[in-house]
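K.L.:
Input: one structure, supplied below.
Values in this text are rule-based calculations from the coordinates and carry no lab data. Only a predicted model underlies this, so the values are computations on that prediction, with no experimental measurement involved. Note that we place each Cβ from the backbone using ideal geometry, even for glycine, and neighbour counts take in every protein chain shown.
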Amino acid sequence: MQASLLNSRQVPCPGPRCSSARGLALRPPVLAPVHVQPSILPAVHVPGSKRVHRRVAMHRMQAQEESTPAPAQEHPFPEEADFDMLTTRIAEVTKNLNEELCGCSIYLVGMMGSGKSTLGRMLANTMKYAFFDTDSMLEKTLDMPVSSIFKDYGEDYFRDCEAQVLKQLAPYKNLVVATGGGAVIRPMNWSYMHSGVVVWLNGPTDLLAKRVAKEGIEKRPLLASPDSANPSQEQLYENAKAKLDSLLEERTKFYDSADLKISLEGYCEDAEKGAPTAVVMYRLLCALRQRIEDTKAERESRRNVVIENHGDVPSMRVQESPLAQQQQEQEQQQQQQQHRDEQQEQ
Ligand SMILES: Nc1ncnc2c1ncn2[C@@H]1O[C@H](COP(=O)(O)OP(=O)(O)O)[C@@H](O)[C@H]1O
Ligand SMILES: O=C(O)C1=C[C@@H](OP(=O)(O)O)[C@@H](O)[C@H](O)C1
């Protein structure tokens, strides 16, 4: 089965794109944001004999209702947090976030069961972004479940298709994309995902195994065990845990390349269930905001080069930024004060 690349004419030109690989949320707003409209979404041309060519449906899902209140937290909530407080905090941290991100897309990566699809929908809804799930896009395009794609065509073919989907999404802004757990293993996919911010949802494998065992592994062919046709819940969990452990070992080096790493761990009495989706989203939003603040401060503190035109030959001079100047002044004042204190002591 040969992989055919998507005809480039099918991908709307987004304008010049920054090729820098890391921290794209922080990239200066050189681009006019590209707002995704369902009607301009590209058709995904997947490789292989079927050559299915369909318009990709838009999935702007409603946020999943979180019925469980947030559990008591050590971090980020100092005290017992209730759902109202969490909602308020989420609203606070989301304020002006879109403008600051300049529509930068968010790519969720992580192992199976880490909640990429669940969180992705909620995040997209909160940020007023469009949501895409690469597995669902492939299933719709090929008109078959992920497990059948693996069974009938093999994992390589699935990975080729997955790469095509990511390539097609990369030019767009204002997206939350839930990727498949193995998308990270192809280096090329990183070049697509780094058109946005890549966020790793990182949780312990026993938590992930519990979730996928509960859900059933039909959607996740890599977790299927050849040993038993009708596995018990416990066998499902054990098989899933063993497989997830070995996959995580292989993949950690890839996940480590993400821009942000968000913990799924729960706290206190709900520890074994992991943090509720809304709490994970709050952590993610805080991390995004923090990254933006850090970058702003870093930019501010950089020296500016000033070209001066005194006479015939322009000369170049390095000028401190206002923030750096302020810091220098403060340091000077502190030194002077220290000097005065020392003199007084003598
Ligand atoms: N924060 C969470 N708390 C409890 N269950 C969750 C949470 N996030 C996801 N789940 C459940 O875990 C399972 C896997 O979630 P999913 O979003 O499909 O993960 P992924 O897309 O990463 O494979 C689903 O049954 C989902 O309802
Ligand atoms: O980890 C993986 O290699 C896979 C994860 C799955 O997606 P989820 O992570 O959404 O379960 C799906 O893409 C496929 O079964 C392969």
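K.L.:
Under a point-charge model restricted to the Cβ atoms of Lys and Arg (+1) and Asp and Glu (-1), what is the dipole moment magnitude of the stretch 156-243 relative to its Cα centre, in debye to the nearest 20? List each step's numbers first, then the result.
P.N.:
Numbers: 11 positive and 9 negative charges, 68 e Å.
Dipole size: approximately 320 debye.
K.L.:
Label points 7 Å out from Cα along the Cβ direction at Val305 and Gln233: separation in nm?
P.N.:
Inter-label distance under the simple model: 6.5 nm.
K.L.:
I'd like the distance between the alpha-carbon centres of the stretch 271-325 and the stretch 188-231, rounded to an integer number of Å.
P.N.:
What the calculation gives is 35 Å, centre to centre.
K.L.:
Compute the normalised compactness of the stretch 180-237: alpha-carbon radius of gyration over 2.2 N^0.38 Å, N being the residue count.
P.N.:
Normalised by 2.2 N^0.38 Å, the Cα Rg of the stretch 180-237 equals 1.44.
K.L.:
What FRET efficiency comes out for Asp156 versus Asp294 if R0 is 41 angstrom and r is the Cβ-Cβ distance? Round to the nearest 0.05.
P.N.:
0.55
K.L.:
Kirkwood Rh over Cα pairs of the stretch 302-345 into Stokes-Einstein at 10 °C, 1.306 mPa s: D in µm²/s?
P.N.:
Calculated translational D: 123 µm²/s.
K.L.:
For the stretch 268-329, what log10 I(q)/I(0) values come out of the Debye formula at q = 0.14, 0.26, 0.29 1/Å, with one point per alpha carbon and no solvent?
P.N.:
Computed log10 I(q)/I(0) values: -0.64, -1.02, -1.08.
K.L.:
Taking 0.36 nm per residue of sequence separation and subtracting the Cα-Cα distance, how much length would be gained by fully extending the chain between Glu218 and Glu342, in nm to one decimal?
P.N.:
On the way: separation 124, 0.36 × 124 = 44.64 nm, distance 7.43 nm.
That pair, Glu218 and Glu342, stretches by 37.2 nm at full extension.
K.L.:
Let me ask you something else. Excluding same-chain residues fewer than 8 positions from Lys241, which lysines have a Cα within less than 17 Å of its Cα?
P.N.:
Leaving aside lysines fewer than 8 places away in the same chain, those within reach of Lys241 are Lys210, Lys214, Lys219, Lys273.
K.L.:
Can you sort Trp200, Trp190 by how many other beta carbons sit within 10 Å, fewest first?
P.N.:
With the fewest neighbours first, Trp200, Trp190 line up as Trp190, Trp200.
K.L.:
Sticking with this one: Quick one: dipole size for the stretch 302-345, taken about the Cα centre, charges +1 on Lys/Arg Cβ and -1 on Asp/Glu Cβ, in debye to the nearest 20.
P.N.:
About 260 debye.
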